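The values are calculated or read from the model by the stated rules, or taken from the named source; none is laboratory data. Computed from a predicted model, the values in this text were never measured in an experiment. Positions of Cβ are backbone-derived with ideal geometry, glycine not excepted, and every protein chain shown enters the neighbour counts.
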Amino acid sequence: MSITSPLFKYKNVSNDPVKRYFKKPKQGMAITALAGPVSNLLLAMLLLLGARITIAHYVDTAFCSGLLNFLAMTAYMSVGLGLFNLIPISPLDGSKVLFAFLPDHAYMTLMRYEKYGMLVLFVLVWLGVGNNILSEGIYRVYELLVNWIVY
């Protein structure tokens, strides 16, 4: 039997969940785009909670030291990825959030140039544009989470 047999029924389904579940696609895309950075920050908080538990039951062993280091570094990277993803350059999620606040004319203009976003992003990262600002932001958010959760 082939797949094109009349025994199989097909339903034309949209493969774009944003259009399927949200009545306003621009706002729906922004909500969907925020899910990634928010999950990164939630993961960092969960990892720091694990670090707090490790500190509370700390035994001076290589395992505890390694576990604490792993939890802290992974939380730091998670904060970094979450904040990096909020940069408003396409294809990063920050651009989708920015697009939700733009008027339709500006949105359509930016959508024409969206395909060049990855190239712009590579050039900016290669040149180190914004390194200090991003590093400082990552450090400050991480420090805030550590002070709030661990201590």
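Table for the structure above
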item	result
Unique residue being of a type in the set (A, V, I, L, M) and under 20 Å from the mean Cα position of the chain (by Cα) when the list is Val79, Val59	Val79
Where a residue in the stretch 65-87 is within 23 Å of Ile53 (Cβ to Cβ) and of a type in the set (Ser, Thr, Tyr) and its partner, wherever it lies, is surrounded by fewer than 19 Cβ atoms within 10 Å (Cβ to Cβ) and modelled with pLDDT of 95 or more, with Cβ under 7 Å and at least six apart	Ser78/Leu43
Segments classed as helices (runs of 4 or more DSSP H), wholly inside the stretch 64-151, with at least 2 members that are buried (at least 17 other Cβ atoms within 10 Å of the Cβ) and at pLDDT 95 or above	131-145
